[in-house]
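Single-structure report; data block below.
The values are calculated or read from the model by the stated rules, or taken from the named source; none is laboratory data. What you see is a predicted model; the values in this text were computed from it and never measured. Methodologically, a virtual Cβ is constructed for each residue, glycine included, from the backbone with ideal geometry; neighbour enumeration extends over all protein chains shown.
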Amino acid sequence: MDVNELRSGETGCWVVCTVGSIHYVDLDRWLYMRVPGEGRSAMEGDREWLRLLRIERWPRVGGSFLLFVDPPDEELARTTELWRISSEVMSIERQPL
């Protein structure tokens, strides 16, 4: 099922496709994973499930999103958080369980 945006209180696992990458957002377990597209810069924690801390700007087709996650290193996670701001969102699709 495709939607135009995600909102606070939403549940489920979602695939958010942006201009350059694919993002998996699991709102049931509050996890996030980025899979960069070809030619995109690598970021710490790519292709790993990271604990989602908060979403400041929710994904919306035609817009971008801003979220914060724990770093993959457990020691760093005690004192540091990573942020992710996306390129333009092209689609948002719910993943079946």
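Pairs linking a residue in segment 11-25 that is over 18 Å from residue 62 (Cα atoms) to a residue that is small (Gly, Ala, Ser), with Cβ atoms under 8 Å and 6 or more positions apart or on different chains, do not occur.
Scanning segment 30-41 for residues that are in a loop (DSSP other than H, G, I, E, B) and under 13 Å from the mean Cα position of the chain (by Cα) returns a single hit, 30.
Of the residues making up segment 25-35, those that are surrounded by fewer than 16 Cβ atoms within 10 Å (Cβ to Cβ) and either in contact with a His (Cβ under 6 Å, 6 or more places away or on another chain) or not basic (Lys, Arg) (or both) are 28, 30, 35.
Against the test of being charged (D, E, K, R) and closer than 19 Å to residue 11 by Cα, the options 84, 78, 54 yield a single qualifying residue, 54. Candidates in segment 2-16 are the residues that are among the charged types (D, E, K, R) and assigned to a strand (DSSP E or B); of these, the one that is modelled with the highest pLDDT is 5.
Does segment 55-83 hold any residues that are closer than 15 Å to residue 35 by Cβ and either acidic (Asp, Glu) or at pLDDT below 95 (or both), and which are they? Correct list: 72 only.
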